[in-house]
Amino acid sequence: MSRIESMTTSPARTDAPTRREQILKEAARLFAARGFHGVGVDEIGAAVGISGPGLYRHFPGKDAMLAELLVGISERLLDGGRLRVRGAQGDPEAVLASLIDGHIDFALDDRPLITLHDRELDRLKDADRKRVRQLQRQYVELWVAVVRELHPGVPESEARTAVHAVFGLLNSTPHLAALGRADMEDLLRRLAHGAFAALAA
């Protein structure tokens, strides 16, 4: 595995997750499984071993949890993408391969957040929703720039369409039949690289 391939979407953590992170993880799982309005604060608290009211020491309410989940993952994807671009030192083929690997890690490790984004984005306050959209546009443009550097003859609109298509493929993991991790990674990687290779034709 190359240095680029081994990079993650965010700096590696060696310490245990904080209570706040535990709450967010369980909230994401429960919201994705039963919907935002189908989950109470008490249930989220029980999932992490604290009373429902005890959650208010960490978050003012469920709305704040949802906002931090969706804004937070958008920030991590963009930050991770920028790290990968810098790490590949100007080699667009290596950058694209690294971006694909990073997004596959997200799609497999954070499936509840994909479901949450699809179902609950409109529940965010306007400012938070606009922030998510802004971060997502920057993430897309990061990929588009790399694709166009790799395939300079491809129009910008086609590169952007290909990027969105690949995101659709990679973000379909919550709806795919259960496969082993290695098989899923291999399938997604081949689909993504195949979609971008089609641009060269």
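In Å, what Rg and Dmax follow from the Cα atoms of region 24-114?
In Å, with Rg to one decimal and Dmax whole: 16.7, 51.
Build a GNM of the chain with springs between Cα atoms under 10 Å: which of Ile100, Ile50, Ile23 gets the top mean-square fluctuation?
Of Ile100, Ile50, Ile23, the Gaussian network model singles out Ile50 as fluctuating most.
What figure, in Å² to the nearest 10, do you get for the accessible area of Thr115 with a 1.4 Å probe and non-protein molecules left out?
The accessible area of Thr115 comes to roughly 20 Å².
Share of Cα-Cα pairs in region 127-168 beyond 17 Å, in percent?
Result: 33 percent of Cα pairs exceed 17 Å.
Over the Cα atoms of region 141-196, each weighted equally, I'd like the Debye log10 I(q)/I(0) at q = 0.18 Å⁻¹, rounded to two decimals.
For region 141-196, the Cα-only Debye profile gives -0.63.
Kindly report, to the nearest 10 Å², the accessible surface of Asp183 as traced by a 1.4 Å probe over protein heavy atoms only.
For Asp183, the solvent-accessible surface is approximately 100 Å².
What 222 nm value per residue comes from the helices of the chain, counting each DSSP H run with n ≥ 4 as -39,500 (n - 2.57) and dividing by all residues, nearest 500 deg cm²/dmol?
The per-residue figure over the chain is -23000 deg cm²/dmol.
Hey, what does the equivalent ellipsoid look like for the chain, semi-axes from the Cα gyration tensor as sqrt of 5 times each eigenvalue, largest first, whole Å?
Semi-axes, largest first: 33, 17, 16 Å.
Please compute the per residue accessible area over the chain with all protein chains in place, 1.4 Å probe, rounded to a whole number of Å².
I get 53 Å² per residue for the chain.
Given a 1.4 angstrom probe, I'd like the percentage of the accessible area of region 99-201 that is carbon and sulfur, rounded to a whole number.
It is 52 percent, rounded to a whole number.
Cα atoms only: what Rg and Dmax, in Å, come out for region 97-166?
13.9, 40
Divide the volume of the convex hull of the Cα atoms of region 75-130 by its number of residues and quote the answer in cubic angstrom per residue.
Here the figure is 85 Å³ per residue.
The values are calculated or read from the model by the stated rules, or taken from the named source; none is laboratory data. These numbers come from a predicted model, not from an experiment. The area values use the complete protein model at the heavy-atom level, side chains included, leaving out ligands, DNA and RNA. Shrake-Rupley method; radii C 1.70, N 1.55, O 1.52, S 1.80 Å.
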